[in-house]
Amino acid sequence: YEKKDWIVGEIRHNVVTVISGDTGCGKSTLVPQLVCDAVNLVPDDKVVVCTQPRRVAAITLAEYVSKDRGQELGDEVGYQIRFINKFSEVTRLIYATTAIVLRRLHSEPSLDSI
């Protein structure tokens with residue numbers, strides 16, 4: 001969390017922000033939460049999607065983050081993998097496999113819904 005304000009500021013002021021770091025530094029757990037929690041960064045009708053290369057990673061991260069936030073899985077934090085959608089209309093953060101996001105991008109190039 002020591003670079004929280006800087007990360008949110010970079011995301012707020014740039015169309016694209018690349019975040020790199022060592023394994024376990026929080027790229028997949030902390031940064032998506034910072035984006036969700038930042039005031040006026042993500043419109044209320046949109047969600048934050050964090051891509052993961054494997055199904056197990058998407059599920060495990062969603063479980064970990066929802067537990068960390070004291071939420072039930074599928075409420076504020078959920079996941080989407082092939083054949084399984086574990087999220088609701090109140091979900092703000094979805095962990096999804098890369099294949100799911102690519103499929104969605106193919107059918108909705110602007111990704112207006114996320």
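Just so it is clear, none of the values below were taken in a lab; they were calculated from the coordinates. The structure displayed is predicted, hence computed values, not measured ones. All Cβ positions, even for glycine, are placed from backbone atoms using ideal geometry, and neighbour counts span all protein chains on display.
Some values worked out for this structure:
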{"item": "Relative packing of 62-72, 41-51, 86-96, 10-20, which averages over residues the other C-beta atoms within 10 Å, highest first", "result": "86-96, 62-72, 41-51, 10-20"}
{"item": "For segment 26-31, Karplus couplings with θ = phi - 60° (6.51, -1.76, 1.60), whole Hz, Gly/Pro x", "result": "x, 4, 9, 9, 7, 4"}
{"item": "Sum of -39500 (n - 2.57) over DSSP H runs of 4+, divided by residues of the chain (222 nm, nearest 500)", "result": "-11000 deg cm²/dmol"}
{"item": "Whole-Hz ³J(HN,Hα) from phi, Karplus 6.51 cos²θ - 1.76 cosθ + 1.60, for segment 11-21, glycine and proline x", "result": "5, 5, 9, 10, 5, 10, 10, 9, 10, 10, x"}
{"item": "Span from the segment 62-76 Cα centroid across to the segment 1-44 one, whole angstrom", "result": "18"}
{"item": "Percent RCO, i.e. relative contact order, over the chain, from Cα pairs under 8 Å lying at least 6 residues apart", "result": "22"}
{"item": "Amide H contacts under 5 Å for I81, placed H, 5+ residues apart", "result": "K86"}
{"item": "Set of lysines near K67 by C-alpha distance (under 19 Å), chain-local residues within fewer than 8 positions excluded", "result": "K27, K86"}
{"item": "Distance (nanometres) between label positions extended 7 Å along Cα→Cβ at S88 and K4", "result": "2.6"}
{"item": "Contour excess over end-to-end distance, with Cα ends at K67 and R54 and 0.36 nm allotted per residue", "result": "2.7 nm"}
